[in-house]
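The values are calculated or read from the model by the stated rules, or taken from the named source; none is laboratory data. Here the structure is a predicted model, which means the values were calculated and not measured. Cβ coordinates were reconstructed from backbone atoms using ideal geometry, including for glycine residues, and neighbour counts include every protein chain displayed. Note: areas computed on protein heavy atoms with side chains; ligands, DNA, RNA excluded. Shrake-Rupley method; radii C 1.70, N 1.55, O 1.52, S 1.80 Å.
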There are 2 protein chains.
Amino acid sequence: MDVDRAEGAPRSDPARVLVVGAGAVGGFYGSLLARQGMRVAVVCRSEAETVARQGFRIHSDALGDWVFQPEQVLQTPSSEPIAPDYLLLTTKVLAGEDRAALIRPALGPRTVIVVLENGIGVEAPLASAFPDHELISALAFVCVSRTGPAEIHHQAYGALTLGCYPHGISPAAERLAAVFRKAGIAVEVTADIVTARWRKAVWNAAFNPASVLGGCVDTARLMANPQTVQLIRRAMAEVCAVAAAAGHPLPPQTVDAMLESTARMPPYRTSMTLDALQGRPLERQAILGAMIEQAQALGVAVPTLETFDALLRLHEPVSSD
Amino acid sequence: MDVDRAEGAPRSDPARVLVVGAGAVGGFYGSLLARQGMRVAVVCRSEAETVARQGFRIHSDALGDWVFQPEQVLQTPSSEPIAPDYLLLTTKVLAGEDRAALIRPALGPRTVIVVLENGIGVEAPLASAFPDHELISALAFVCVSRTGPAEIHHQAYGALTLGCYPHGISPAAERLAAVFRKAGIAVEVTADIVTARWRKAVWNAAFNPASVLGGCVDTARLMANPQTVQLIRRAMAEVCAVAAAAGHPLPPQTVDAMLESTARMPPYRTSMTLDALQGRPLERQAILGAMIEQAQALGVAVPTLETFDALLRLHEPVSSD
């Protein structure tokens, strides 16, 4: 029972973390915080029993193997018995899911919300629902996947970029960064996380859809075809145009630099490709839909992104939206 | 042995036809000519032995069942022992295949070439290679597929549009049309087959790629999603713009009329979807590539078609072209 710490305890106590959506990303980063002495509980919808019994078995090519036994395993978010200091939100961002309603029962008055998710605009509904809570926005550059029940494989990378939403740096952000760094993770703390999110979206909005629509191919296959590289370049340029119109201009060499670094990467399967291969819902709305809505509002033409979006909808269940 | 007819025999003799590429389309239309008394030989690359032994077994939902036993079954085109009056070319049109070289050995001095294939510009290499031969261009609006070795299922439709290339109507075209009509096929003879081909391309260049890239979905699935209908509409409008720039303007209601008639059709799988599902090469070059080349030469923007093309290339073997 978690009875050794009460609200208002001094800062030197281990911080409490609740990971909401403990899939591969949440389980991996949550486990790193636990290894540094934080008291980490998790919410898993589907495999709570397995995780409670044996913990997460984590195999990291870079950091070794370990077992992460959460302090608590919940099926739904809750602030009982004690509200977390940090709520780490790592759910998939899917159209029609109300993430604010999901986490509301777990928030204490001083809980810092950390959004570690893909996409543009994923913070806004949370900032709007919880204006009195500190909100940290974080981006993971990581190749990590679920390989079995409560089994996680960290293949490569792992760097985080984080900052306060909509801008700034806070002691809570610095503290979280310091813990991740002690765990072996490169962390960049930025006062302009929204621009960083746009920068990541340049890659994601191009490579994720193209990889799925090309038949669930990896980055090496995408980069092997000159016409496909041109397509990726057009999609990236459209994202840059929307970012600039939205007040977050990216450096002019962004697209070239990303294509060069992708060409140097080992073959990589995008998260959307992994979702498609495993029959999971696609993060179309977070990765493309929100951006297209912004483009339309700002009057920016995004024909490539619109084509991606319309084709990806065919990979989803039929809906009337 | 085919010794009862010589070059220069009177027209009342049964005409000789050689079908080159006797898959579903070639086998079906060739069989209709045979049923009307024409002497039909076929070239099959892969199943010549089965066809020679048992003929094509044809099941037509509209016209009944029959067996089509060709007079000859060849593995490669040849004019021995007697050159055909009509060479019916029904091969797939794939990048890098030299169709002129393929049929050259089968042509006699008076052989009429009939191109019954998908795509824009498929006649030009043949017109250029054989300037002294009459060239008829034909379009099939048919749902026909191979269901097993030498087995063909004609599910629906079947109408032909044909005319002389690049324009006009000839006695040979009228004669061929009359034979197909007697076989139960609706035939439109047109003096402007190239415009008719552009009209068909409006549908093909939109629905074929979208159906494959959407995950091999049928037309009903494509029409069920408003965003996808918008995508199809954009692709069709791009084809209309290229057609107009190429000197073949289509009526302004073309796109609306096609979308309406497609919405009324029973769910239909495009030929490119059937090819993709069966692991066959896709007719990307004939259906999209040639059109994009024309668009670029004419300065017409076709961003949707270019995106389709680049994504479809990922469904093909890696090449360096």
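General remarks:
- In this structure the amide hydrogen of B:Leu250, modeled in the peptide plane, comes within under 5 Å of the amide hydrogens of B:Ala244, none closer than 5 places in sequence on its chain.
- Helix-derived mean residue ellipticity, 222 nm - over the protein assembly as shown, DSSP H n ≥ 4, -39500 (n - 2.57), to 500: -11500 deg cm²/dmol
- When +1 charges are put on Lys and Arg Cβ atoms and -1 charges on Asp and Glu Cβ atoms, the dipole computed for the protein assembly as shown relative to its Cα centre reaches about 300 debye.
- Across peptide A:227-233, the mean count of Cβ atoms from other chains lying within 10 Å of each residue's own Cβ comes to 4.
- Between A and B, roughly 2400 Å² of accessible area is buried in total, ligands, DNA and RNA not counted and the probe set to 1.4 Å.
- Nearest-first distances (nm) between copies at A:Ala101, label 7 Å from Cα via Cβ: 6.5
- Along the range B:303-309 the Karplus relation, 6.51 cos²θ - 1.76 cosθ + 1.60 evaluated at θ = phi - 60°, assigns HN-Hα couplings of x, 5, 5, 5, 5, 3, 4 Hz to successive residues, with x for each Gly and Pro.
- Burial order of peptide ranges A:94-106, A:44-56 (average beta-carbon count within 10 Å, highest first): A:44-56, A:94-106
- For A:Leu74, residues with placed amide H under 5 Å, excluding near neighbours: A:Val42, A:Val43, A:Cys44
- Alpha-carbon centroid distance for the pair the range B:261-292 / the range B:33-79, whole angstrom: 25 Å
- Scoring A:164-175, B:142-153 by mean Cβ neighbours within 10 Å over their residues and listing the highest first yields B:142-153, A:164-175.
- Between 0 and 90 degrees, the angle of helix B:226-245 with respect to the longest Cα principal axis of chain B falls at about 60 degrees.
- Cα-centred dipole magnitude for chain A, charges only on beta-carbon of K, R (+1) and D, E (-1), debye, nearest 20: 520 debye
- Residues of the range A:279-321 buried by at least 50 Å² of accessible area upon assembly of all protein chains, compared with the chain on its own (1.4 Å probe): A:Thr307, A:Ala310, A:Leu311, A:Arg313, A:Leu314, A:Val318.
- Accessible surface of the range B:23-86, 1.4 Å probe, proportion on carbon and sulfur as whole %: 44 percent
- The range B:16-191, relative contact order in percent, only Cα pairs under 8 angstrom and at least six apart counted: 22 percent
- Look at the dipole of the range B:167-219 built from charges on Cβ: of B:Trp203, B:Pro171, B:Val187, the Cα furthest out on the positive end belongs to B:Pro171.
- Heavy atoms of the protein chains alone define the surface here; on that basis the range A:16-191 has 40 Å² accessible area per residue at 1.4 Å probe size.
- For A:Gln278, label point 7 Å along C-beta direction: distances to other copies, nm: 3.5
- A:Asp65 label point (Cα plus 7 Å toward Cβ) to equivalent points in the other copies: 6.0 nm, shortest first.
- In chain A, Cα pairs under 8 Å separated by at least six residues give a relative contact order of 15 percent.
- Pair-distance profile P(r), taking every C-alpha pair of the range A:195-315, with 5 angstrom steps and integer %: 2, 12, 24, 25, 20, 13, 4, 0
- Counting, for every residue in B:155-168, the Cβ atoms of other protein chains within 10 Å of its Cβ and taking the mean gives 0.
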